[in-house]
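Chemist: Got a structure for you, questions after.
Each value in this text was obtained by applying a stated rule to the coordinates, not by laboratory testing. It should be emphasised that the depicted structure is a prediction, and the values quoted were computed from it without experimental measurement. Here Cβ is always computed from backbone atoms with ideal geometry, including for glycine, and neighbour counts include all displayed protein chains.
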Amino acid sequence: MNITFQESFNELEVRLNGEIDHHCAKGLSDSIDFKIRRLRPSLLILDFGGVSFMDSSGLAVVMGRRKLMNSMEGSVELRHLNGAPKKVFDMAQISRYVKIKEDES
């Protein structure tokens, strides 16, 4: 799993590339949490465009970051959901908890 961070005024965008499974979920969460606590953004954007595989560990990553952002009165937005991430998030009805920005056709 490779992640890159893009910081802008009150926003932190996290671009995820690779596979999200139980082997990398904790390290991924810890890296994102470190940036959130340091920058205190009002919006966390998680970009799944480069994710080739994801199991339910990806749900834990998102929901944990949602909890942290809520504690700081911020929000989470998911972008570029397709393939495995989209299937997992659709089954979990993640849109009840976080905003999903649909890809524009």
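Chemist: Cβ contacts < 7 Å: first residue without any contact (Cβ under 8 Å) to a residue 40 or more places away in the chain, restricted to segment 23-39; second residue part of a loop (DSSP other than H, G, I, E, B) and exposed (fewer than 13 other Cβ atoms within 10 Å of the Cβ), any location; separation 6+ or different chain. Result?
Modeler: none
Chemist: Inside segment 87-96, can you point out the residues that are crowded, with 17+ Cβ neighbours inside 10 Å and closer than 29 Å to Phe9 by Cβ?
Modeler: The answer is Phe89, Ile94.
Chemist: Answer yes or no: is there a residue in segment 83-95 that is of a type outside the set (Gly, Ala, Ser), within 13 Å of the chain's Cα centre (by Cα) and assigned to a loop (DSSP other than H, G, I, E, B).
Modeler: Checking segment 83-95: not a single residue is of a type outside the set (Gly, Ala, Ser), within 13 Å of the chain's Cα centre (by Cα) and assigned to a loop (DSSP other than H, G, I, E, B).
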